[in-house]
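Working notes, beginning with the structure itself.
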Amino acid sequence: MKKYRPTTPSRRHMTGINYREKLSGAKKPHKALTRGGKQAHGRNAHGRITTRHKGGGHKRRYRLVDFKMDKRDIPAKVESIEYDPYRSAFIALVCYADGERRYILAGRETKVGDTFLVSEQAPVKPGNRLPLARMPVGTFVYNIETRPGAGGVLVRSAGMHAEVVAQDAGYTQLKMPSSEMRKVFSGAWATVGEVSNEEHRLVTIGKAGRARWLSRRPVVRGSAMNPVDHPYGGGEGRAPRGTRRAKTKWGKPAGKGQKTRRPKKYSNKLIVARRKVGKKRG
């Protein structure tokens, strides 16, 4: 971690990641694998806010990251480890033996010059990608598919990993980073190892301006609002919450161990054990 001299009050506790030690690529991304475009900033197709507290921020170029990794049985070599403004993890520029270049999600142990293989017969070592059915119990995996061939959608954030717990009747049981136990089709593919940039969770933003650079707009406490705007609003002075259970702005259950998952969600049958909530989860 990189710490700053306390030249100002906001600098006193600010921390960051020492990218010079972590990254090895050029300052500019591989042009053929980037796209421009306007950011939605939490708006839907009608321009209405659907996700609050987003907007502004530094201009970005989108990197086309290959989460599917469908180039099978062709060895590839890592050319550089690069920063991606759209995700917490680092990405790696890789070159396959046939000359094609792609961006992939970098693993924790990924270094320039490393080689990996995407194959059903690939050895179980960090960086290689293969079906979950071939993973022994205790293996750490990331970038996991939920349906074979659909591309990785689970466990893609910085420093995360899931653990293979069991193989049973066409399903692989995984312990997710949230402590949830979940079944995934054994034919789905995953990458062996852990996601890069494990220090991301230790970063202290330090000041409001730095959050705005990251497109994070201010968050207002519900107790500071009027009664018309939030269930916690109103009252003379600093009033307590006034409701037995925590609620969102729209009156839905939130926090404090309350269940927020839809009771009829399609994937409920794949959940073996619900995630633990609160300070004692692990």
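The values are calculated or read from the model by the stated rules, or taken from the named source; none is laboratory data. Computed from a predicted model, the values in this text were never measured in an experiment. Virtual Cβ from ideal backbone geometry, glycine too; neighbours counted across all protein chains shown.
If you take the residues in segment 51-67 that are basic (Lys, Arg) and closer than 18 Å to residue 32 by Cβ, which one is surrounded by the most Cβ atoms within 10 Å (Cβ to Cβ)?
Filtering first and then ranking leaves 63.
How many of the residues making up segment 110-119 are loosely packed, with under 13 Cβ neighbours inside 10 Å and part of a loop (DSSP other than H, G, I, E, B)?
Looking only at that region, the number is 2.
Hey, can you tell me all the residues within segment 27-38 that are surrounded by 11 or more Cβ atoms within 10 Å (Cβ to Cβ) and not polar (S, T, N, Q)?
Within segment 27-38, 29, 30, 33 qualify.
Show the residue pairs that are 6+ apart or on different chains and have beta-carbon atoms under 6 Å apart, the first residue being within segment 187-216 and at negative phi and buried (at least 16 other Cβ atoms within 10 Å of the Cβ), the second being at pLDDT 95 or above and of a type in the set (Asp, Glu).
Note: pairs meeting the criteria are 188/145; 189/145.
Which residues, taken from segment 88-106, are touching a Pro at 6+ places or on another chain (Cβ under 9 Å), surrounded by fewer than 16 Cβ atoms within 10 Å (Cβ to Cβ) and not aromatic (Phe, Trp, Tyr)?
Listed by number, the list holds a single entry, 97.
Among the strands (runs of 3 or more DSSP E) contained in segment 123-174, which hold 2 or more residues that are under 23 Å from residue 202 (Cβ atoms) and out of contact with any Asp or Glu (no Cβ under 6 Å at 6 or more places or on another chain)?
Those strands (runs of 3 or more DSSP E) span 162-168.
For residues that are free of Cβ contacts under 8 Å to residues at least 40 places away in the same chain and closer than 24 Å to residue 17 by Cβ, scanning just segment 112-153, find the one that is farthest from the chain's Cα centre (by Cα).
113
Give the residues of segment 39-50 that are of a type outside the set (Lys, Arg) and surrounded by 13 or more Cβ atoms within 10 Å (Cβ to Cβ), sorted by residue number.
39, 40, 41, 42
Please identify the pairs in which a residue from segment 250-271 that is within 28 Å of residue 165 (Cα to Cα) has its Cβ atom under 6 Å from the Cβ atom of a residue that is among the charged types (D, E, K, R), counting only partners at least 6 apart or on another chain.
Close Cβ pairs satisfying both conditions: 270/182; 270/183; 271/182.
Any chance you could count how many residues in segment 12-54 are in a helix (DSSP H, G or I) and over 21 Å from the mean Cα position of the chain (by Cα)?
The total comes to 4.
Look at segment 81-99 and say how many of its residues are at pLDDT 95 or above, over 18 Å from residue 156 (Cβ atoms) and not hydrophobic (A, V, I, L, M, F, W, C).
So the count comes out to 1.
Give me the pairs, please: first residue somewhere in segment 1-20 and loosely packed, with under 14 Cβ neighbours inside 10 Å, second residue anywhere and assigned to a helix (DSSP H, G or I), beta-carbon distance under 7 Å, and either six or more positions apart or on two chains.
Close Cβ pairs (under 7 Å, with a partner that is assigned to a helix (DSSP H, G or I)) amount to 1/199; 1/202.
Give me a count of the residues in segment 76-87 that are crowded, with 16+ Cβ neighbours inside 10 Å and in a loop (DSSP other than H, G, I, E, B).
Residues in segment 76-87 being crowded, with 16+ Cβ neighbours inside 10 Å and in a loop (DSSP other than H, G, I, E, B): 3 in total.
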